[in-house]
1. Residue by residue through region 293-330, note down the ones that are among the hydrophobic types (A, V, I, L, M, F, W, C), out of contact with any helix residue (DSSP H, G or I) (no Cβ under 9 Å at 6 or more places or on another chain) and either part of a loop (DSSP other than H, G, I, E, B) or open to solvent by 10 Å² or more (accessible area, probe 1.4 Å) (or both).
2. State which residue pairs qualify: first residue closer than 16 Å to Asp350 by Cα and inside region 406-424, second residue open to solvent by 10 Å² or more (accessible area, probe 1.4 Å) and assigned to a helix (DSSP H, G or I) in any location, beta carbons under 8 Å apart, and separation of 6 or more residues or different chains.
3. Select from region 265-292 the residues that are under 22 Å from Trp337 (Cβ atoms) and part of a strand (DSSP E or B) and list them in ascending order.
4. Can you find even one residue in region 389-407 that is part of a loop (DSSP other than H, G, I, E, B) and on the phi < 0 side of the Ramachandran plot?
5. Determine which single condition Trp344 fails, assuming it passes every other condition in (1) touching a residue at least 40 places away in the same chain (Cβ under 8 Å); (2) in contact with a strand residue (DSSP E or B) (Cβ under 8 Å, 6 or more places away or on another chain); (3) open to solvent by less than 30 Å² (accessible area, probe 1.4 Å).
6. Being assigned to a loop (DSSP other than H, G, I, E, B), charged (D, E, K, R) and more than 30 Å from Arg155 (Cα to Cα): is that true of Asp334 here?
7. Out of region 390-415, which residues are under 24 Å from the mean Cα position of the chain (by Cα) and open to solvent by less than 10 Å² (accessible area, probe 1.4 Å)?
8. Under the condition of being touching a Pro at 6+ places or on another chain (Cβ under 6 Å) and part of a strand (DSSP E or B), which residue from region 359-388 is nearest to Ser415 (Cα to Cα)?
Amino acid sequence: MLTPTLRHSGCAPRRRPRTTRVLSGTVCLLALAGTTLAATPAPAADAASPPAEVSWRADLTSTGADDVNVRYDAGALRVRDGSVSLASLGRDRGYASAVLEPHHVDRPVDRIAVHLDATVPDTASVEVDVRGRAADGTWTEWRRATADAPAELPRDVVDVQARLTLWNAKGEPTAAVRAVTLTADDAGGARAEPAPATRAAAFSARVHATREGLVGHTTANGHVIQTNDHFVALPSRRALSPNGSGQYSVQVCGPARCETAPVWDVGPWNTHDDHWNPSSVREQWKDLPQGLPEAQAAYEDGYNGGRDEFGRQVANPAGIDLADGTFYNVGLDDNGWVTVTYLWTEGGGDTTAFPTWGTDVSVRQQATTTSTSVATLPGPTTVRVRCQVHGGLVTYDGYSNDAWSYLPDYGGYVSNIFIDVADAWLSDVPTC
């Protein structure tokens, strides 16, 4: 896919942006890919009865670009190489992850149960997380789900995606996952968050940052760390973006400047510490206040005996790891304190609503037409713009512009040509 599919809507748009100056600047955002799911149609529900559950079984036989260190053989999904572990944790334990393809359901749901057919040795473990995409294109966070403890999503969704995480002790047998069956229904009203339209600005907190380094190692989403890389690690898989994607991104503000960077790794210290969430929905450490990482509480106050979830003595209060490029770009010379805004939370950060024009307008991973499309705006609509950048020059219908707007609800960029206002560079919208 080299060029977007863009057509005039047929209605007369207002005057659109003319050519503006060309500068550089992108944030790396990629799309989802994964294994295939096969749907099993649910029986028709009686009109007088509550909607019936819908179930489907995942196809585990093929692996995709977003999968990490998994193999399928002898009828089961397993860890491929027991020596591969998370870069940011440095644990001597085999790790693998399989991101399954989203499955569309025929009615809104908000509760997902997962039934596993698996053999799990004492030295191994398997976790399944699920998330949902609402009709407006926004994703929820990942939530752990089992048969006995279904994941309660914060809002109704029309697409459901599952992710398997496998661990095994180095040199020991791996878990063997033979089948994954998902069952979805509508819990009706038992939601921890309000609807997106009513949510406030994204949550921010001041946390201690460490430099990840580890060039050449592999992150939790399969990215091989490069010199001068730009991404972050957070100590929970609830906000882990698929490889290359910016669906879950943070703004990191240091002594010199701010940078928006995707979440591509898990750590430091913990893997279930979503400290940006309210205590009531936090996966672990529910007695800690929102915004306080468990490692910081352990280091400063002796919380949990001064240890992390694995029993290790916490040697610093870090709540975020920064890749080298991000670390130095925000102005850090040594580990230090930064202000982090978790852009997928609440309203996705301060945004401004704008009308769009055109049909089949692509929302891109990066601010260029050569980048993969992550979503499509079928027709004129209203979008929320958080910030804008100068990227690839777009020429269409007699207009040229290199400005692109970042849409947090879609995790990607749209050319400012298709923002239906006269300004080429949007007034009162900050630079990303």
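1. Phe310, Ala323, Val330
2. Pairs found: Asp409/Pro196.
3. Once the filter is applied, which keeps residues that are under 22 Å from Trp337 (Cβ atoms) and part of a strand (DSSP E or B), region 265-292 yields Asp265, Val266.
4. Taking every residue of region 389-407 in turn, none turns out to be part of a loop (DSSP other than H, G, I, E, B) and on the phi < 0 side of the Ramachandran plot.
5. (3)
6. yes
7. Correct list: Trp404, Ser405, Leu407, Gly411, Gly412, Tyr413, Val414, Ser415.
8. The residue in question is Ser362.
The values are calculated or read from the model by the stated rules, or taken from the named source; none is laboratory data. Everything quoted here is computed from the prediction, not taken from an experiment. FYI the Cβ positions are ideal-geometry reconstructions off the backbone, even for glycines, and counts take in every protein chain you see. Protein only, heavy atoms only, side chains kept; ligands, DNA and RNA dropped before computing areas. Shrake-Rupley method; radii C 1.70, N 1.55, O 1.52, S 1.80 Å.
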